[in-house]
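Read the structure below first, then the notes.
None of the figures in this text is laboratory data; all of them are computed from the coordinates on show. Computed from a prediction, not measured in an experiment: that's the story for all the values here. Glycine gets a Cβ as well: all are built from the backbone with ideal geometry, and neighbour counts include every protein chain shown.
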Amino acid sequence: MKKLLLIGSLFFMGLMANAQNGNTNSCGTDQHLAEQIKNNPSLKAAKENYEANLKELMKNYNPNDYRTKAGQQKKATIKYIIPVVVHVFHNNGSENISEAQVKSEIDFLNKSFRNLNSDTINRRAGMFITPSGDTNYYDNKSLAADIEVEFRLAKKDPQGNCTNGIVRIFTPLTNKGNDELKKMSVWDTKRYYNIWVVKQINRGNTIGIAGYAQFPFGFGGGASTDGIMVIHNEFGNVGTSQPGQTPNVTTSTHETGHWLGLYHPFQISSDSCGTDGDGVFDTPPTYFSPNSTEPLRNKCSNKSYNTCSTEKPDLPDMQENYMDYFIGNCASNMFTLEQKARIHTVLENFRFTLWQPENLAFTGVDDLSPSTCPPVAAFNSQAPFTCAGSKVLFLDYSYGGTINTYEWTFEGGTPATATGKVPGQIQYDNAGTYDVTLKVTGPNGSNTITLPDYVTVLPASSNLPGGYYTADWWYQNNWEEKGWRFVYENDQNQFKRFGISYNQNASMRYSQDPFNQYNSVGSISSLISPSFDFSGTTTAYFSFNYAFAQAVLSSTVGGGNTAEELKVYTSVDCGKTWIVRETINSTNISTIGTGSSATLSSAIDFIPADQSKWKTVTVSGAKIPSNSNVRFKIEFKYSGGNNFYLDNVNVGLSTGLNQNLADAIQFKAQPNPFNVSTNLIYNLVSSENVEIHLFDILGKDLGTVFSGTQAAGSQNVEIEKNAFHLTPGIYLVNMKIGNSTLNHKIIVE
Ligand SMILES: [Zn+2]
């Protein structure tokens, strides 16, 4: 099998989209090399020189080190230890991955390189008959090698300071990971294996690269770019990179293979049906089809055959190999003995500075020198929101040097102090926000961290009546004073007041971000209500209007994406736990229809010009608990779409609330806001008994505005400020029309 790939050709570019079994994310190493050669043509000769050298050097490698099955046995002392630094480039989004996720990747790398992964059981061995009738045997189990390389996060930085081996750099450029970005944070590449983790890799105009590596041979000015770059959601197997997700967790293993000198098994050779492939004799060359259906490629079943080669047995593609692109049951679980020889030769001759004992001491990763690092204090809580009278559990995540003592301080908590790694549950009796402090001390010093206002304690029962309430975005609205708040998990981007509204003058807008510089795809923004007392009632409702246009054009970043989600939740425990009551997703979330005519390029600002561009969401009935402490949450998950607008949020008790009627009567208050008087203008489709009352914001009935029978047609009822002794603020016009009740806001200036 032989792939037909020519590095640097347009053909290659076309392949990228089909690589890795149809994944959009693939390896960009070959493309990176092609770009480098294009920018620096002498690199081609350097590569050829390196390969000729390597071939000679490998002749000196003791075959017994890798060609015998005995070579697979684990040795007590690891041969090569490599200090690692991981640079996490982030924009405060989910790409700012946790330390646990980084460690999970290092752990996975070590399992991969030491032949310890659990999926090694999927390796195949067997017999097959070629079309010409020859019998061939293959045994990928016995070819698998323990590479005897171990990666360790650095404990000392280049200046000799203590470190956990992770550097975090805040920059919107994480959306366009490339060699330039690497230079913002790089540690001496002769001493550290540099891994850069980004949100998105942008090689030229190509997006959708999972990772890319730099090969061991020399580059003009290349030292500062030596290492690998990987997207965060293929790095590690916890957090944003979960096992079973497509693409998979072996990306860094694959890229590290390149960094240690391995090519793809389908790598270029002098002719398209050549025999050399990656230059490794125990990885059969692989036919790599540009057609996504891959009709000629060997499968796990071994039923397909090479159409090129007649000169040697056509072994099945080694889909088990980490350097192959295949994804499936038997995929990505081994390096071979000959690949091990190549890696060792590279480590001995081209990357030898990394694993020298002097460097292991310099970077703090050796087993010999005692740690002189003080510990670093860190902690977390699983529920920083809670009700007064509830308990909160805190978890210690301190790291670094040895820790002998823990000293916790809980402002507003009982107990107010604690010792030990596990402080137990802390009770909070009074509403407010409280600091938490942790001091850790060990033989090498101590460290203290204080998280200000870390715990939010809310009243255990409602401070608002069960009657009507509204959160509008009028410029004098008191919605924040009443306890409504926006909460952002990651984003810099926030909801801001905007002068287009469903029914008044302003809404809250979450602005589009065509290049995702400020928004992170998948990040979540929420509006959380104050608490309402709905004990003993089943007629509560929660409603709001929103407007949204998806950016489904493929030319935009995040394009073709309909992953936005709008959810409504309720909570009866101050936001500690939430229950989903409504989910609006896929194309249903669009308020301007679906199909090409309803889609917008993110280059065009979506403005919902009239009410037809908005949708109403209502949660009512059994979806709202009959509880004295009910909170609502509207949650919007961003995924690269256009502007999202939120308006006219209403909470109340309804008696025969009729949304159709509300639309039909076309209610307006003019002017609104008003100084002296306003006219309530509406349309009755038939003659009705009408009763209009005015309420204040706390639900107090201020009196009757109108009571009687009105004929079909346009109606006009005036409210004078002085007649009701109104002071500036929001008031509610409560209309009973027939058996239905409607509410509208008016504002006195
Ligand atoms: Zn690759």
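For the residue pair T537 and N588, what label-to-label distance in nm results when each label sits 7 Å from Cα along the Cα-to-beta-carbon direction?
So the label points at T537 and N588 sit 2.8 nm apart.
Taking a 28 Å limit on the Cα-Cα distance, which of the listed pairs K700/K736; K155/K439; K103/K340 fall beyond it?
Where the Cα-Cα span goes over 28 Å, no listed pair is concerned, since all stay within it.
To the nearest 20 debye, what charge dipole does the stretch 661-731 have about its Cα centre, counting +1 at the Cβ of each Lys and Arg and -1 at the Cβ of each Asp and Glu?
160 debye
Which pairs break 23 Å Cα to Cα here: K156/K182; K182/K637; K59/K190; K79/K111?
From K156/K182; K182/K637; K59/K190; K79/K111, over 23 Å: K182/K637; K59/K190.
If each of Q159 and Y137 carries a label point 7 Å out from its Cα toward its Cβ, how far apart are those two points in nm?
6.1 nm
In whole Å and largest first, what semi-axes does the C-alpha gyration tensor of the stretch 660-748 yield when each eigenvalue is scaled by 5 and square-rooted?
On the way: eigenvalues 92, 35, 27 Å².
Rounded to whole Å, the semi-axes are 21, 13, 12.
Quote to one decimal, in nm, the extra length available between E489 and L116 on full extension: 0.36 nm per residue of separation minus the C-alpha distance between them.
130.6 nm
With a Förster radius of 35 Å, plug the Cβ-Cβ distance of E348 and M184 into 1/(1 + (r/R0)^6) and report the FRET value to the nearest 0.05.
With R0 = 35 Å, the Cβ-Cβ based efficiency is 0.65.
Using a Förster distance of 22 Å, how high is the FRET efficiency between N716 and A506, based on the Cβ-Cβ distance and rounded to 0.05? Don't jump to the answer; show the numbers that get you there.
Numbers: r = 26 Å, r/R0 = 1.17.
Calculated transfer efficiency: 0.30.
Sorted by average packing, counted as other Cβ atoms within 10 angstrom per residue and highest first, what order do 34-46, 499-511 take?
The densest-packed peptide leads the list: 499-511, 34-46.
For the stretch 377-453, with only Lys/Arg (+1) and Asp/Glu (-1) charged at the beta-carbon, what is the dipole magnitude about the Cα centre, in debye rounded to 20?
Charge dipole, the stretch 377-453, about its Cα centre: 200 debye, nearest 20.
Between A383 and D429, what FRET efficiency comes out of the Förster formula 1/(1 + (r/R0)^6) with R0 = 22 Å and r the beta carbon distance, rounded to 0.05?
Once rounded, the FRET efficiency stands at 0.85.
Using packing as a proxy for protection, rank 234-241, 437-444, 209-216, 316-323 so that the peptide with the highest average count of other Cβ atoms within 10 Å comes first.
316-323, 209-216, 234-241, 437-444
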